[in-house]
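The values are calculated or read from the model by the stated rules, or taken from the named source; none is laboratory data. This is a predicted model, so every value here is computed, not measured. Here the Cβ positions follow ideal geometry from the backbone for every residue, glycine too, while neighbour counts run over all protein chains shown. For accessibility, only protein heavy atoms count, side chains too; no ligands or nucleic acids. Shrake-Rupley method; radii C 1.70, N 1.55, O 1.52, S 1.80 Å.
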Amino acid sequence: MATEEIRVRGTVQGVGFRPTVYRLAKACGLRGDVCNDGQGVLIRVSGSEEAITEFVARLQTECPPLAKINQLTRIIYKGEFKFDNFVISTSVSNAIKTEITPDAATCPQCQKEIFDPFSRFYRYPFTNCTHCGPRLSIIRAIPYDRSNTSMSAFAICPECAKEYHDVENRRFHAQPVACHACGPSACLERADGKSVTASMFSMLDDVDAVCTLLQKGEIVAIKGLGGIHLACDATQETVVQKLRQRKKRYHKAFALMARDIEVIEQYCSVNAKEKKLLTSSVAPIVLLQATGKKVVPSIASGQNTLGFMLPYTPLHHLILRRMNRPIVLTSGNIADEPQCIDNDEAREKLGTIADYFLFHNREIINRVDDSVVRVIGDKVQIIRRARGYAPAPINLPPGFENVPQILAMGSELKNTFCLLHEGEAILSQHLGDLENAAAFNAYRETLNLYLNLFEHKPEVIAIDKHPEYLSSKLGKELADTNKIKIYPIQHHHAHIAACMAENSISLDSPPVLGIALDGLGYGDDGTLWGGEFLLADYRKFQRLATFKPVAMIGGEQAIYQPWRNTYAQLISANFWGDCQQQYADLEIVKFLKSKPLKLLNQLIENRINSPPASSVGRLFDAVAAAIGIYRDECSYEGQAAIAMEAIVDVSSLNNNEETLIYPFNFSFSDRIYYIDPRPMWQALLYDLQQQIPQPVIAAKFHKGLANAIVQMVKHLSQENLIHQVALTGGVFQNCILLEQVTKRLQTLGIKVLTHSLVPANDGGLSLGEAVIAAAQFIHES
C-alpha cells in the first residue's frame with residue numbers, strides 16, 4: 001500500500017474539481033481526502049500504487065469542463081492518516097497561489113432546466129452549477145467558498161443543500177447554487193417610480209415582461225452578471241437613436257445579443273470558429289461580417305461588421321425566449337464612465353436613460369464588461385479581454401519562473417493592470433480610459449481588490465514612461481509610499497514584449513523585430529511615437545526605423561478632427577502649395593482652405609500644442625479625411641480608420657498590379673530609417689482628381705502601407721539578424737493590414753508573431769510592462 005500527497009495547481013476551485021476527485025478516488029478504491037486551500041487543491045490518498053497511478057491519469061483526462069490543471073505534483077505522505085474511506089474536507093486558508101475562475105456562460109444542462117416546466121429551476125433566472133455561472137463577479141476572497149462571495153447573503157434551502165452535498169449531482173459544491181425558494185430574485189421597476197402591475201403586460205413574470213417592453217420600443221436597464229446593461233430592440237431605429245442621445249454615445253457601435261445562432265445568421269455570416277466562440281463558456285461579443293438582413297443604420301454606422309453575443313445567463317435566456325430578432329445590449333453608463341453595478345447607482349445615473357429597470361438582489365462585487373473578439377484568418381484576436389477570460393492567468397515563457405511579485409500599472413486608455421509572480425501573469429479585466437475620473441476611481445478600487453484577493457505584495461512596480469498617465473502617477477505614489485523599486489517602461493517596447501510573452505518567446509531568446517503601430521506613446525527621446533520598428537528582447541530595444549514624424553495640430557484635437565492630420569501631412573510633405581495649384585477643385589483642398597491656415601501654420605512652426613508624432617493611427621485618420629470619411633469630426637479615436645477599413649474594395653485588394661499599390665519613400669537620418677508617405681499623397685490626390693472611387697483608394701492605401709512595412713523589414717534584415725517579427729499595437733486590429741503584412745512576411749520566410757491571448761491595443765500593455773520589469777530585475781540581481 002502507498003500513501004501520497006498530491007498537489008494540484010491551476011483553475012481548480014469553483015469548477016467541480018473536488019467532486020471529480022471524490023468520484024474518481026471512489027472508483028479507484030482509494031481512501032483519503034481532498035480540500036481546497038490557498039495553493040489550489042490538496043489530495044491525500046492511500047491505496048495500491050497501481051490504483052493511485054490510474055487515479056492521477058484519470059484526473060487529467062476526466063477534468064471538469066471549466067477546470068485547467070497547470071501543475072500536478074506527487075510526494076510520499078508521511079503524516080498522520082486516519083481515513084477509512086474518501087471524503088471532501090473543509091477548505092483551508094493559507095498563502096494564495098491558486099486561480100480564480102472567470103464567470104462562465106450558462107451550460108446546456110442549466111439551459112434545459114430553466115425551460116422545463118417539471119424542473120424546480122423552471123424560469124429561475126439565477127440557475128447555475130459547477131459548470132457555469134458567476135465566479136469573479138461575486139468573489140470577495142479565496143478559497144472560493146460561498147462564505148467568500150456575495151451569495152453569502154442567501155441561506156441555502158434544504159433542496160439546494162441536498163444537491164450541494166450529493167457527490168453524484170452536478171451542483172455538488174457549486175457555491176452559488178440557488179433556486180426560487182432560497183436564492184436571488186429579479187424585480188421590474190419603472191424609471192419614473194410608478195408601480196408595475198401584472199395587468200400592464202401579458203407576462204409570466206417580471207423577466208418575461210422585459211421581452212414585451214423591448215418589443216414595444218422601450219429602453220430597459222438590465223442587471224446581469226458583471227454589470228448593468230441598457231437594452232432595446234435593434235430593429236427599431238427610433239428607440240436606438242433615443243438610446244444614443246440619452247446615453248451620449250453618438251457613434252460607437254452598439255453590441256447586440258440574439259436568442260440563438262439561427263437569429264444571428266439572419267444578419268451575419270458565421271463560420272465554424274466564430275460559432276465555437278459564440279457558444280463557448282466565455283460567450284464573448286464576436287465581430288461578424290454583416291450579411292443578409294439589415295439592422296437599423298445607427299447600430300454600427302460606417303462599419304461592415306456587427307458585434308453579436310448569445311445569452312450567457314439564465315436571465316438573458318429567459319428574456320429572449322420570445323424574441324426572434326436581436327436586441328441592443330450595451331454598457332449601462334453615461335458616455336465613458338464605468339458600467340453601473342449597483343441598483344441605487346443605476347437609479348441615479350441611468351434614470352434619465354432607461355424607461356424601466358430589471359434589478360436583482362445579488363451584489364456584484366467585481367465589475368466585468370463583456371469581452372470582444374474577432375477571428376482573423378484562423379486565429380482569434382481579443383480586442384477587449386474581460387468577462388469569461390479574466391482573471392485566468394497567462395503562463396509565462398521559460399526564464400520567468402522565479403521572478404518576484406511585480407505589479408504593472410498599464411496604460412491610460414483601455415487600461416488593464418497585471419500581477420506577475422512565479423511564472424504566471426494575471427491581467428485584470430478591461431477597466432477603460434482612466435482620463436475619466438469615475439473610471440480612474442474604479443481602477444483604484446479594482447487594483448486594491450486584486451492585491452487583497454491574491455495577497456499580492458509587489459516588490460517591483462512597472463509603469464509607462466509617459467509622465468502624465470494617471471496609472472504611472474499612481475504607480476510612482478505606491479512605489480514611494482512602500483519603498484518599492486520602480487521601472488518606467490517605454491510604451492512600444494511593452495507592446496512588443498506582450499506579444500513575445502504570449503507567444504512563449506523565452507527570456508534568453510535573441511531579439512525579435514517588433515513593429516508597433518498605434519495612436520501614440522511616449523518615446524525615449526521625449527517625442528510621441530506611434531510607428532516603430534524596434535529590435536527588442538525583454539530587457540532592452542534598439543529603434544531601427546519609424547514613420548516620418550508629423551505635427552499633431554492642436555494636440556488631442558487631432559484625434560477627434562481628422563482633417564488636422566491631413567493638413568499636417570501635406571505641410572510635412574511640402575505639398576500644400578502644389579495642392580492649391582494642381583488640385584484646387586478637390587473637396588479636401590477647398591475644405592482645408594476654409595480653415596484658419598495662418599494660425600495653424602504658426603502652431604506647427606512654433607510647436608505650440610502641435611507635437612510631432614510618428615503615429616500610424618493619425619496617418620490613417622489623415623487619409624480617411626482626405627477621401628471624405630469623417631473629415632470634420634470623430635466622436636472616438638479610430639472612428640475614421642475603422643470606417644475606411646470597412647469600405648475597402650476587395651477586388652482591388654486582391655489584384656497584384658503595382659498600379660494598385662501606393663508608393664512610400666525611405667530615408668536615413670541620425671542612424672534611423674524613416675518611412676515617408678510623400679509619394680503616397682501625390683498618388684492619392686491624383687486619384688481623387690481622376691475621381692477614383694473611395695473603396696479603391698482605401699484598398700490602394702492599405703496595400704501600399706503593408707508593402708512599405710514589409711519592404712522596411714527586408715531592408716532591416718540585411719543589416720540585422722531577423723527571423724521573427726512581432727506585429728502589435730492598436731493599428732494591427734485592422735484585419736486587412738494585419739493579413740496583408742502577415743502574408744507578405746511569411747512569403748519571405750519570416751515567422752510572424754501576433755496576439756491571441758491579450759489585445760494588440762493598450763489592453764495588453766500591462767503584460768509587456770510586467771515581463772520587461774521582470775527581465776530587468778533579473779538582469780540586475
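Points to keep in mind about this one:
- Residue within region 156-169 that is touching a helix residue (DSSP H, G or I) at 6+ places or on another chain (Cβ under 7 Å), modelled with pLDDT under 95 and in a loop (DSSP other than H, G, I, E, B) present: yes
- Top-ranked residue in region 117-129 [being without any contact (Cβ under 8 Å) to a residue 40 or more places away in the chain and more than 35 Å from the chain's Cα centre (by Cα); ranked as nearest to residue 205 (Cα to Cα)]: 117
- Complete set of residues in region 669-698 that are in a helix (DSSP H, G or I), under 18 Å from residue 566 (Cα atoms) and among the hydrophobic types (A, V, I, L, M, F, W, C): 680, 681, 683, 684, 685, 688, 697, 698
- Of all residues in region 560-574 being under 16 Å from residue 549 (Cβ atoms) and outside any helix (DSSP H, G or I), the one that is most open to solvent (accessible area, probe 1.4 Å): 574
- Every test in (1) within 27 Å of residue 16 (Cα to Cα); (2) open to solvent by 60 Å² or more (accessible area, probe 1.4 Å); (3) among the hydrophobic types (A, V, I, L, M, F, W, C); (4) modelled with pLDDT under 95 is passed by residue 172 save one, and that test is (2).
- For residue 509, the criteria (1) in a loop (DSSP other than H, G, I, E, B); (2) hydroxyl-bearing (Ser, Thr, Tyr); (3) open to solvent by less than 10 Å² (accessible area, probe 1.4 Å) hold in every case but one, which is (3).
- Screening residue 328 against (1) farther than 24 Å from residue 734 by Cβ; (2) in a loop (DSSP other than H, G, I, E, B); (3) in contact with a Phe, Trp or Tyr (Cβ under 7 Å, 6 or more places away or on another chain) leaves a single unmet condition, (2).
- Complete set of residues in region 215-240 that are assigned to a helix (DSSP H, G or I) and either free of Cβ contacts under 8 Å to residues at least 40 places away in the same chain or surrounded by 20 or more Cβ atoms within 10 Å (Cβ to Cβ) (or both): 238, 239, 240
- Residues in region 730-781 that are more than 21 Å from residue 540 (Cα to Cα) and small (Gly, Ala, Ser) were compared, and the one that is surrounded by the fewest Cβ atoms within 10 Å (Cβ to Cβ) is 749.
- The residue of region 462-478 that is nearest to residue 528 (Cα to Cα), among those that are touching a residue at least 60 places away in the same chain (Cβ under 8 Å) and hydrophobic (A, V, I, L, M, F, W, C), is 463.
- Among the criteria (1) open to solvent by 10 Å² or more (accessible area, probe 1.4 Å); (2) at pLDDT 95 or above; (3) within 26 Å of residue 68 (Cβ to Cβ), the one residue 142 does not fulfil is (2).
- Among residues that are open to solvent by less than 10 Å² (accessible area, probe 1.4 Å), of a type outside the set (Gly, Ala, Ser), touching a Ser or Thr at 6+ places or on another chain (Cβ under 9 Å) and assigned to a helix (DSSP H, G or I), residue 243 is included.
- Which numbered condition residue 275 misses (of (1) free of Cβ contacts under 8 Å to residues at least 40 places away in the same chain; (2) open to solvent by 30 Å² or more (accessible area, probe 1.4 Å); (3) touching a Gly at 6+ places or on another chain (Cβ under 6 Å)): (3)
- Flag if residue 705 is in contact (Cβ under 8 Å) with a residue 12 or more places away in the chain and either part of a strand (DSSP E or B) or surrounded by fewer than 22 Cβ atoms within 10 Å (Cβ to Cβ) (or both): no
- Scope region 725-760; condition within 20 Å of the chain's Cα centre (by Cα) and farther than 19 Å from residue 643 by Cβ; matching residues: 726, 727, 728, 729, 753, 754, 755, 756, 757, 758, 759, 760
- Residues in region 537-568 that are under 30 Å from residue 722 (Cα atoms) and free of Cβ contacts under 8 Å to residues at least 60 places away in the same chain: 540, 541, 542.
- For region 514-536, a residue qualifies if it is outside any strand (DSSP E or B) and either surrounded by 21 or more Cβ atoms within 10 Å (Cβ to Cβ) or within 23 Å of the chain's Cα centre (by Cα) (or both), and exactly one does: 523.
- When residues of region 45-63 are limited to those that are of a type in the set (A, V, I, L, M) and surrounded by 20 or more Cβ atoms within 10 Å (Cβ to Cβ), the one nearest to residue 174 (Cα to Cα): 59
- Of the residues screened, residue 374 is not one that is touching a Cys at 6+ places or on another chain (Cβ under 9 Å), assigned to a loop (DSSP other than H, G, I, E, B), of a type in the set (Lys, Arg) and open to solvent by 10 Å² or more (accessible area, probe 1.4 Å).
- Number of positions in region 8-29 that are closer than 14 Å to residue 57 by Cα and not in a helix (DSSP H, G or I): 2
- Checklist (1) more than 21 Å from residue 566 (Cα to Cα); (2) outside any helix (DSSP H, G or I) applied to residue 710, failing item: (2)
- Failed condition for residue 657, given (1) open to solvent by 30 Å² or more (accessible area, probe 1.4 Å); (2) modelled with pLDDT of 95 or more: (2)
- Residues being under 15 Å from residue 553 (Cβ atoms) and open to solvent by 10 Å² or more (accessible area, probe 1.4 Å) - total across region 618-633: 4
- When the test is whether a residue is open to solvent by 10 Å² or more (accessible area, probe 1.4 Å), more than 21 Å from the chain's Cα centre (by Cα) and basic (Lys, Arg), residue 414 does not pass it.
- Scanning region 310-331 turns up no residue that is open to solvent by less than 60 Å² (accessible area, probe 1.4 Å), modelled with pLDDT under 95 and more than 21 Å from residue 137 (Cα to Cα).
- Residue among 42, 66, 72 that alone is within 18 Å of residue 8 (Cβ to Cβ), aliphatic (A, V, I, L, M), part of a loop (DSSP other than H, G, I, E, B) and open to solvent by 20 Å² or more (accessible area, probe 1.4 Å): 66
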